[in-house]
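Report on the following structure.
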Amino acid sequence: QNIHLVAKWLSSLEKKLEQLSEGSHPNFRVFTSAEPAPCPESHIIPQGILENSIKITSEPPAGIHANLHKALDNFSQDTLEMCSQEKEFRSILFALCYFHAVVAERRKFGAQGWNRSYPFSPGDLTISVSVLHNYLEASSKVPYDDLRYLVGEIMYGGHITDDWDRRLCRTYLEEFIKPEMLEGELCLAPGFPLPGNMDYNGYHQYIDDVLPPESPHLYGLHPNAEIGFLTQRSEQILRTVLELQPRDGSAGEGGAGSREEMVQTLLEEMLEKLTDEFNMAELAAKVEERTPYAVVALQECERMNILTAEIRRSLTELELGLKGELTMTSDMENLQNSLFLDTVPESWVRRSYPSTASLGSWFADLLARISELEAWTRDFSLPSTLWLGGFFNPQSILTAIMQTTARKNKWPLDKMRLQCDVTKKSREDFASAPREGAYVHGLFMEGARWDAQAGMITDARLQELTPAMPVMFIKAIPADQQDTRGMYPCPLYKTRQRGPTYVWTFNLKTKENPSKWVLAGVALLLQA
């Protein structure tokens with residue numbers, strides 16, 4: 001909806017309510033419903049309406065236990081008796097209720113739960129059950145594939161806009177709705193078998209008696225997922241508290257003075273550490289042949305120049321403002337606040353790369369990126385191992401690996417794929433780049449870990465949220481030579497925010513069914 005139109009309508013509603021408050025029927029009531037606003041600008045309900053109304057909040061159920069009961073509440077004993085294939089109908093209905101509870105509640109795990117947030121509703125569940133009823137009435141066999149497709153790609157899948165989230169939704173249904181469910185061999189979660197044929201109250205009782213206590217295991221996730229999302233939530237609360245601190249001189253003794261001194265010290269330190277910009281003309285003259293790798297190196301230097309120029313400009317300007325030689329503008333005040341609160345300033349973020357780090361770590365990381373580029377552009381020979389996370393655009397270097405191999409072997413680029421072999425070594429063990437492809441370091445895994453000895457994905461250790469990967473050997477091969485058996489197609493993201501920071505997909509070896517890692521939200525990251 002257009003928020004300005006809504007705001008306008010609300011103010012006219014307020015006036016109307018005032019007029020109607022006198023002389024109208026004593027039982028006259030107005031009911032309005034509203035969703036939580038995503039940002040302060042959307043807080044547009046007039047104060048008059050808020051003050052004069054009785055406010056009732058409807059909190060969604062929390063945890064699988066409450067969500068599963070609530071999902072089942074959409075039906076009744078009559079529903080369970082309406083299908084001629086009673087046993088099949090009841091089993092699949094209960095599995096769909098569990099599926100609904102899991103997909104709705106999984107969002108609390110942040111990006112490891114879903115890449116994006118989706119508005120799954122009870123309507124999705126009730127329509128899915130109607131479809132199930134119609135299909136079972138029309139066929140003597142249970143059409144598992146059709147049911148999974150309709151529920152996963154249309155009823156629920158219709159909300160989903162991200163391919164990896166679609167894969168997750170599909171995988172849940174492949175695990176929950178399959179022939180084994182009628183043979184009493186299906187567990188919806190560890191320690192929670194699919195119940196047999198019961199009446200409506202029996203199912204509610206079964207949930208109370210048998211469902212294990214709330215834990216990430218119920219979603220197919222590793223317990224670390226909970227640590228991750230609780231840590232992020234606490235950081236958010238602490239940051240909000242910090243931002244609410246008073247900022248004037250009354251904040252403790254010499255509050256404003258010490259605050260300005262602190263910003264001044266930080267600012268001088270950063271300007272001192274910031275290196276000169278890359279001399280692009282000089283670098284271009286050094287390049288004998290514009291190979292795909294050289295082009296990437298030059299592009300990265302150009303992007304870095306834009307960022308460092310803005311950092312230098314804004315810090316110098318603020319320094320003059322603090323000395324009183326320039327009038328302080330709102331941009332300068334925002335920069336001052338960012339330096340004080342240890343967050344990356346907005347104008348830097350716009351010219352930067354996705355990052356979840358605080359300003360101190362971000363700036364140290366920036367200097368490390370610059371020194372990597374300096375080392376690479378000394379003679380433009382490919383570094384022995386590439387720090388993939390140090391690129392503005394990691395896709396460009398991965399594409400350059402394919403282009404280089406394609407030119408050398410005269411292969412068509414669109415018929416090629418990248419193969420990823422995980423070595424058993426760390427970056428210090430490599431003295432030179434490989435003859436073909438590249439070694440890359442600086443990747444982390446979330447949701448599981450890499451067993452270097454066995455050479456495959458395995459369960460994460462408790463409290464190791466993002467274990468580092470060994471060096472990976474990336475090379476280009478013709479697509480038809482790709483081996484996908486016993487592989488988990490693992491997405492690589494720039495940060496733990498996932499979603500739009502997606503970079504590439506690498507096939508990683510697994511002994512266990514790849515569906516386990518899909519449900520666990522396993523991904524590679526370029527920043528821990």
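The values are calculated or read from the model by the stated rules, or taken from the named source; none is laboratory data. Owing to the predicted nature of the structure, the values given are computational and were not obtained by experimental measurement. Backbone-built Cβ (ideal geometry, glycine too); neighbour counts: all protein chains shown. Each accessible area value is taken on the protein alone, full model and side chains, heavy atoms only, with ligands, DNA and RNA left out. Shrake-Rupley method; radii C 1.70, N 1.55, O 1.52, S 1.80 Å.
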* Positive-pole candidate from ALA66, LEU386, LEU526, dipole of the chain, charges at beta carbon -> LEU386
* Cα-projected label distance for LEU230 with LEU274, points at 7 Å along beta-carbon direction, nm -> 4.1 nm
* Hits among lysines - C-alpha to C-alpha of LYS16 under 17 Å, sequence gap 8 or more where chains match -> LYS8
* Calculated FRET efficiency, ASP480 and ASN305, Cβ-Cβ r, R0 41 Å, to nearest 0.05? -> 0.45
* Carbon and sulfur %, accessible surface of the stretch 3-52 computed with the full protein complex present, 1.4 Å -> 57 percent
* Using modelled backbone amide H atoms (1.01 Å from N, in-plane), which distant-in-sequence or interchain residues come within less than 5 Å of TRP387's amide H? -> HIS441
* **Solvent-accessible heavy-atom area per residue, rounded to whole Å², over the chain at 1.4 Å** => 53 Å²
* Report the local net charge at ASP331: Lys and Arg +1, Asp and Glu -1, summed over other residues whose C-beta lies under 13 Å from its C-beta. => -2
* Asked: Tell me, which longest segment in the chain has none of the GluC sites (Glu not before Pro) that fall in DSSP loops with at most 10 further Cβ atoms within 10 Å?
  -> 23-252
* What's the extension gain from GLU153 to ALA138 if we count 0.36 nm per residue and subtract their Cα-Cα distance? -> 3.3 nm
* To do: Using Cα centres only, tell me the gap between the stretch 12-61 and the stretch 279-354 in whole Å.
  => 47 Å
* Using a Förster distance of 35 Å, the FRET efficiency for SER361-GLU35 (Cβ separation, nearest 0.05) -> 0.50
* Among the lysines, which fall within straight-line cross-link reach of LYS273, defined as a Cα-Cα distance under 23 Å, with same-chain neighbours fewer than 8 residues apart omitted? -> LYS323
* Asked: So how much accessible area does SER314 have, in Å² to the nearest 10, using a 1.4 Å probe?
  -> 10 Å²
* To do: Within the stretch 416-441, which residues have the backbone N less than 18 Å from the label spot 7 Å out from GLN453 along Cα→beta-carbon, could you tell me?
  => 423-426
* Spin-label model distance (nm) - ALA62 vs LYS410, 7 Å beyond Cα toward Cβ -> 6.7 nm
* Asked: Between HIS25 and ARG290, what FRET efficiency comes out of the Förster formula 1/(1 + (r/R0)^6) with R0 = 56 Å and r the beta carbon distance, rounded to 0.05?
  -> 0.10
* Given LEU147, ASN201, ILE237, which one lies farthest toward the positive end of the charge dipole of the chain, if we put +1 on the Cβ of every Lys and Arg and -1 on the Cβ of every Asp and Glu? -> LEU147
* Asked: Can you pull the percent of the stretch 328-382's accessible area that's carbon plus sulfur, 1.4 Å probe, other chains left in place?
  -> 48 percent
* At 0.36 nm per residue, minus the direct Cα-Cα distance, what do SER371 and SER84 gain on full extension? Give it in nm, one decimal, please. => 96.2 nm
* For the chain, what is the calculated [θ] at 222 nm in deg cm²/dmol (nearest 500), taking -39500 (n - 2.57) for each run of four or more DSSP H residues and dividing by its residue count? -> -14500 deg cm²/dmol
* Considering the values [x] -0.39, -0.85, -1.35; [y] -0.28, -0.64, -1.38; [z] -0.43, -0.89, -1.31, which represents log10 I(q)/I(0) by the Debye sum over Cα atoms at q = 0.06, 0.09, 0.13 Å⁻¹ as calculated for the structure under consideration? -> [z]
* Any of LYS410/LYS475; LYS141/LYS178; LYS424/LYS509; LYS87/LYS178; LYS475/LYS509; LYS425/LYS516 with alpha carbons more than 18 Å apart? Name them for me. => LYS425/LYS516
* Would you mind working out the magnitude of the charge dipole of the stretch 8-148 relative to its Cα centre, with +1 at each Lys and Arg C-beta and -1 at each Asp and Glu C-beta, to the nearest 20 Debye? => 340 debye
* For the stretch 52-104, which trypsin sites (Lys or Arg not before Pro) are in a loop by DSSP, counting at most 11 other Cβ atoms within 10 Å? -> LYS55
* Structure fact -> The answer for trypsin sites (Lys or Arg not before Pro) in the stretch 119-217 that fall in a DSSP coil and have at most 13 neighbouring Cβ atoms within 10 Å is LYS141
* Dipole magnitude of the stretch 179-311 about its Cα centre, charges +1 at Lys/Arg Cβ and -1 at Asp/Glu Cβ only, in debye to the nearest 20? -> 120 debye
* Asked: Longest exposed-loop-site-free stretch of the chain, with chymotrypsin sites (Phe, Trp or Tyr not before Pro), DSSP loop and at most 10 other Cβ within 10 Å?
  -> 32-528
* To do: For LYS70, list the lysines whose Cα falls under 21 Å from its own Cα; do not include residues on the same chain fewer than 8 positions away.
  => LYS108
